[in-house]
Amino acid sequence: MSITPGPVKPSQETLDPQSFGITVPETRPARQPGRVLVTGASTGIGWETVKQLCSCGWEVLATARRAERLAALAYETGCAAFAADLTIPEHVQALFEWATAGGRVVDAVVNNAGGARGTDTVMEAKLERWKTMYSINVLSSLQVTQAFLPQMLAHGGGDLVFVTSTAGHETYPGGAGYTAAKHAEAMLPETLRLELVGQPIRIIEIMPGLVQTPEFSLSRLEDKAAAEGVYAGVDYPLVGADIAQAIVWTLNLPAHVNIDQLKIKPVEQATSTIKVRLDNSAR
């Protein structure tokens with residue numbers, strides 16, 4: 001078959017793909033917004049996720065420890081809010097009872113609560129910091145998932161989103177406590193996919209890289225100047241709204257589409273420890 005090079009212009013006879021035996025499947029509709037719970041909603045990624053989900057029609061339930069922050073978020077967005085410490089089983093149970101009162105169903109859960117404490121080396125690791133990080137990153141997500149998953153299964157399915165970190169898939173000096181916790185948290189969605197295969201539950205892992213959420217760094221470093229230094233010289237780190245947009249996208253996709261893992265980093269970041277600064281050096 002000879003091919004004459006040049007631009008191709010469609011004719012009336014070639015407009016229908018089926019004339020070539022090409023079958024075009026029907027496009028399936030986007031998922032209809034339902035009720036969604038967002039944890040860690042009092043700041044950063046969680047706050048922005050609540051705002052964006054509210055703006056596109058989801059009925060949002062927001063939870064975090066800081067009641068005054070949640071009240072402000074509820075005022076701004078119209079979400080419903082419930083203050084709870086998700087490391088405490090009784091708080092998780094109270095949250096579940098509030099969210100499902102009157103037989104109402106939660107269609108999606110965004111497990112976003114988490115955090116880091118310190119930059120200890122393994123040799124100098126402070127056990128309490130490791131326990132705290134494991135509790136707020138792993139056990140809180142586990143307990144929330146255990147609370148809401150049975151109801152999802154009983155009512156035809158739902159979505160479980162886990163906001164982990166690139167730190168859950170690599171490590172770096174001074175980060176073993178946090179990366180260990182995030183590696184453990186990442187095993188929840190990976191294992192759930194195996195355990196729930198064939199069930200109408202979407203299991204989604206979002207892995208942010210360098211996100212400019214100063215409260216995260218301040219909680220970790222306990223020093224404002226050091227916290228600001230995490231982002232110093234990086235021209236465009238990610239912001240909470242960038243990650244929130246990705247979360248909303250995964251939830252709004254047609255129900256048969258599952259985004260297993262989505263790693264999101266700024267262009268200037270290669271790994272947790274290699275970031276291009278404004279002086280064009282890599283650190």
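The values are calculated or read from the model by the stated rules, or taken from the named source; none is laboratory data. Since this is a predicted model, take the numbers as computed values, not measurements. Neighbour counts are summed over all protein chains in view; Cβ atoms, including those assigned to glycine, are modelled from backbone coordinates with ideal geometry.
Side notes on the structure shown:
- Residue match in segment 43-55 (condition: β-branched (Val, Ile, Thr), at pLDDT below 95, surrounded by 12 or more Cβ atoms within 10 Å (Cβ to Cβ) and touching a helix residue (DSSP H, G or I) at 6+ places or on another chain (Cβ under 8 Å)): yes
- Test: residue in segment 114-123 that is modelled with pLDDT of 95 or more, within 20 Å of VAL36 (Cα to Cα) and in contact with a strand residue (DSSP E or B) (Cβ under 8 Å, 6 or more places away or on another chain): no
Conditions (1) touching a helix residue (DSSP H, G or I) at 6+ places or on another chain (Cβ under 8 Å); (2) assigned to a helix (DSSP H, G or I), marked per residue:
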position	(1), (2)
ASN137	yes, yes
THR145	yes, yes
LEU153	no, yes
GLY156	no, no
THR171	yes, no
GLY174	no, no
GLY177	yes, yes
ALA180	yes, yes
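- Candidates are the residues of segment 59-89 that are under 18 Å from the mean Cα position of the chain (by Cα) and under 20 Å from SER141 (Cβ atoms); the one that is surrounded by the most Cβ atoms within 10 Å (Cβ to Cβ) is ALA62.
- Residue match in segment 98-111 (condition: hydroxyl-bearing (Ser, Thr, Tyr), surrounded by 15 or more Cβ atoms within 10 Å (Cβ to Cβ) and outside any helix (DSSP H, G or I)): yes
- Pairs with Cβ under 9 Å, 6+ apart, first in segment 247-269 and closer than 17 Å to ILE45 by Cα and free of Cβ contacts under 8 Å to residues at least 12 places away in the same chain, second among the hydrophobic types (A, V, I, L, M, F, W, C) and surrounded by 15 or more Cβ atoms within 10 Å (Cβ to Cβ): TRP249/ILE259; TRP249/LEU262
- Any chance GLY209 is crowded, with 20+ Cβ neighbours inside 10 Å and modelled with pLDDT under 95: yes
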